[in-house]
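What follows is a set of notes on a single structure, which appears directly below.
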Amino acid sequence: MGLRDGGKHHLSNSLLVAIVVSLLSLFLILHLTVTKETLEVLREISPYYLAGAILLHVAGWVAWGGRIRVMSGAIESSLRMRDTLRIVVTSLFTAAITPSHAGGEPVRVYLLSKDGGMSLGDASAIVLLERLLDLIFFIVISPFAILLFKDLVFHTTGGIRVILGVSLTLLSIAIIIIIQILRQPEWIKNRIPTIIRIIRFFVGSRRSDSIATQISIEIDAFINSLRMFTRLAKGRVFVAWILTVTYWALEFMIPCFILMGLGEDPEFVRVFASQIILMTVVLIPLTPGSSGFAEFGFTTLFSVFVRRSVLGLLVVTWRFITYYLNIIAGGLLSLHIIRKR
C-alpha cells in the first residue's frame, strides 16, 4: 500500500469512527430525553428559525474566510473572498475527523500556499495567527463562563473538573508557545539542525540536504511574515480580531435559534457560556472530531437550563448544523479540488 493509499485509508477510518461514535451518542441521548412532550414539540417546530440557525453557521464560514482574506492581504496575496471561503470549508472536513480538530490547519496552510501564491512559511504564519486569536478569545472569556456554571463545575463529579482543568492548561501552554514564537521567531530556526538530523535518519544525507535548504527558506518566509504582522500590519490584526469575535458569536447564537424554533425562550448568556466551556473541553484529543465528547458535553451543560423533552432535539439539531454540515460541505469541496487537480 502506497503512502497516498495509506492516507486515504486512514482518513476513511477516522471518518467512520467519528460518525459512528457521534450517531451512537445522539441515539443514546435521544433515548434518555425523548418524552410524550417531545412529539408535541416536533409538531410545533418552526422551520424558519432552523433555517436561520443554518444561515448563522454559513455566516460564520464567511467571517472566518474574511479573517483569512484580511491577513493574507498584508502579504499582497491574490486570494479573493470566495477563495478564502473555499479554503475554510474544505479544511472543515479534515478538522471534523481529527482529534481536537487539528487536521484543518495543515489543509489551510497547503491551500493558502497553492491558491494564494504564497510560500508555505507565509501561509503558516497566517494560520498560526488565526489560532492565536482563537486561543486568546477563549482564555479571556472562559473564566466568566466557568463562574456562571460554578455549581456544575465545582460541585459535580471530579471528571468534569479534571477535563476542564487539562483543557485550560493546554490552552495556556499553546498561547505561551505561540507568544514565544511571535517574540522570538528565530527560536524555530535554531531548531533546524535537530530537524535536519531527524530527516537525515529517515531519507539519507543526499535528500536531506535539499529538504533542509527548502525548510530553511520556508522558515525565513515564516519569520518575515510574523515580523510584518506584529510590526507593520497591526491594523489588519485588529480587524482579524473583530472577525474572530464575530465568528464565535455567530456560532454561539445557533443553539438560541434552535431553541426558538422548538418554542423555547433561550437564556442567551447561559447558552454562550455553555458553549465556551464545551469548546474548551473538546480541545483534548481523544476522539476524531470530538465525537461523543461534544454530544454528551453539550447535553450535560444544557440540561441545567433546558427542559428534558426539548434537550435531545436541541443536541441532534445543533450537532447536525455545526458538525455534519461541515463534513458534507467540506467533503464535497475536497472531492471537487482533488478531481480538478
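Among ARG308, ARG319, which is the only one that is in contact (Cβ under 8 Å) with a residue 40 or more places away in the chain, surrounded by fewer than 22 Cβ atoms within 10 Å (Cβ to Cβ) and under 17 Å from ALA96 (Cα atoms)?
Going through ARG308, ARG319 in turn, just one is in contact (Cβ under 8 Å) with a residue 40 or more places away in the chain, surrounded by fewer than 22 Cβ atoms within 10 Å (Cβ to Cβ) and under 17 Å from ALA96 (Cα atoms): ARG319.
Looking at (1) under 18 Å from the mean Cα position of the chain (by Cα); (2) at pLDDT below 90, which is the one condition that is false for GLY2?
All conditions pass for GLY2, except number (1).
Modelled with pLDDT of 85 or more, in a loop (DSSP other than H, G, I, E, B) and β-branched (Val, Ile, Thr): is that true of VAL316 in this structure?
Working: modelled with pLDDT of 85 or more: yes; in a loop (DSSP other than H, G, I, E, B): no; β-branched (Val, Ile, Thr): yes.
It is false that VAL316 is modelled with pLDDT of 85 or more, in a loop (DSSP other than H, G, I, E, B) and β-branched (Val, Ile, Thr).
Please verify whether ILE327 is closer than 21 Å to THR84 by Cα, part of a helix (DSSP H, G or I) and touching a Leu at 6+ places or on another chain (Cβ under 8 Å), treating the condition exactly as stated.
For ILE327, the condition - closer than 21 Å to THR84 by Cα, part of a helix (DSSP H, G or I) and touching a Leu at 6+ places or on another chain (Cβ under 8 Å) - is met.
Within 27 Å of VAL20 (Cβ to Cβ), modelled with pLDDT under 95 and basic (Lys, Arg): does that describe ARG341? Full working, then the answer.
Details: within 27 Å of VAL20 (Cβ to Cβ): no; modelled with pLDDT under 95: yes; basic (Lys, Arg): yes.
No, not satisfied.
What about GLY263, is it assigned to a helix (DSSP H, G or I) and either in contact (Cβ under 8 Å) with a residue 40 or more places away in the chain or surrounded by fewer than 19 Cβ atoms within 10 Å (Cβ to Cβ) (or both)? Don't jump to the end; show me each part of the working.
Numbers: assigned to a helix (DSSP H, G or I): no; either in contact (Cβ under 8 Å) with a residue 40 or more places away in the chain or surrounded by fewer than 19 Cβ atoms within 10 Å (Cβ to Cβ) (or both): yes.
Considered against the rule, which asks whether it is assigned to a helix (DSSP H, G or I) and either in contact (Cβ under 8 Å) with a residue 40 or more places away in the chain or surrounded by fewer than 19 Cβ atoms within 10 Å (Cβ to Cβ) (or both), GLY263 comes out as no.
Can you name every one of the helices (runs of 4 or more DSSP H) wholly within region 30-111 that holds 3 or more residues which are closer than 22 Å to ALA125 by Cα and among the charged types (D, E, K, R)?
Passing ranges, in order: 81-96.
Just to be sure, is ARG270 part of a helix (DSSP H, G or I), within 30 Å of LEU120 (Cβ to Cβ), among the basic types (Lys, Arg) and at pLDDT 85 or above?
When the stated conditions are applied, ARG270 does not pass them.
Take the residues in region 18-36 that are at pLDDT 90 or above and either of a type outside the set (A, V, I, L, M, F, W, C) or touching an Asp or Glu at 6+ places or on another chain (Cβ under 7 Å) (or both); name whichever of them is surrounded by the fewest Cβ atoms within 10 Å (Cβ to Cβ).
HIS31
The values are calculated or read from the model by the stated rules, or taken from the named source; none is laboratory data. Please read all numbers here as calculations on a predicted model, not as lab measurements. FYI the Cβ positions are ideal-geometry reconstructions off the backbone, even for glycines, and counts take in every protein chain you see.
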